[in-house]
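In what follows, a structure is listed as structure tokens, so that the remarks can point back to it.
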Amino acid sequence: MTEGFNRFFVCLAAVMMLAGCASQYRDLEFSDLRMVSVSPRSAQDIGLTAELTVSNPGRTFVVDTLEVTLKAGDSPVVYLRSGGIEVEGKTSREYTVPMHGSLAEGIGLFTVMGTLMDHGRDALKADVRAKVKTKCGLGKTLEYNDIQL
């Protein structure tokens, strides 16, 4: 009988930990995204450094993988990747995010730059997929689509 109670309390504690760790993402706020630098590495590869302000009222977590698809209209233009970013808990601060990526097939660097010069960053939207992990070891994939830049 005692063994049954012990199992129950272990399960209850596990559920409470899961609920506590997983619920922290809903209050995240992202603001002030700006591109600091863009550096072509070859005809198809680019490096990009962005600064992003994150308000995180929850616990510290790590962004293991960050994947961003920049789109002009509905067509992908640039695919970017980054990772290993630790977002401090109970803070609002700016993070420098170095990214590397490649241009979509059939897209040249001059096409992207021309779009930006003609229409500004309002011409671009982003799909973002982030795999995050808390210090308690739980992971979750967050997806945001059609973010206007």
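Please verify whether residue 58 is in contact with a helix residue (DSSP H, G or I) (Cβ under 9 Å, 6 or more places away or on another chain), buried (at least 16 other Cβ atoms within 10 Å of the Cβ) and not in a strand (DSSP E or B), treating the condition exactly as stated. Explain how you work it out, then say what you get.
On the way: in contact with a helix residue (DSSP H, G or I) (Cβ under 9 Å, 6 or more places away or on another chain): yes; buried (at least 16 other Cβ atoms within 10 Å of the Cβ): yes; not in a strand (DSSP E or B): yes.
In short, yes.
Give the residue that is nearest to residue 52 (Cα to Cα), with candidates limited to residues of region 120-149 that are in a loop (DSSP other than H, G, I, E, B) and within 20 Å of the chain's Cα centre (by Cα). This residue is 149. None of 65, 49 is touching a residue at least 40 places away in the same chain (Cβ under 8 Å) and within 19 Å of residue 149 (Cα to Cα) except 49. Screening 88, 94 for residues that are in contact with a Leu (Cβ under 8 Å, 6 or more places away or on another chain) and under 15 Å from residue 30 (Cα atoms) leaves exactly one candidate, 94. Report, by residue number, each residue of region 110-149 that is crowded, with 16+ Cβ neighbours inside 10 Å and over 17 Å from residue 69 (Cβ atoms). Within region 110-149, 132, 134 meet the criteria.
When restricted to residues that are at pLDDT 55 or above and over 27 Å from residue 89 (Cβ atoms), region 1-53 contains 12.
The values are calculated or read from the model by the stated rules, or taken from the named source; none is laboratory data. Model, not experiment: these values are computed from the prediction. Cβ: placed from backbone, ideal geometry, glycine included. Neighbour counts: every protein chain shown.
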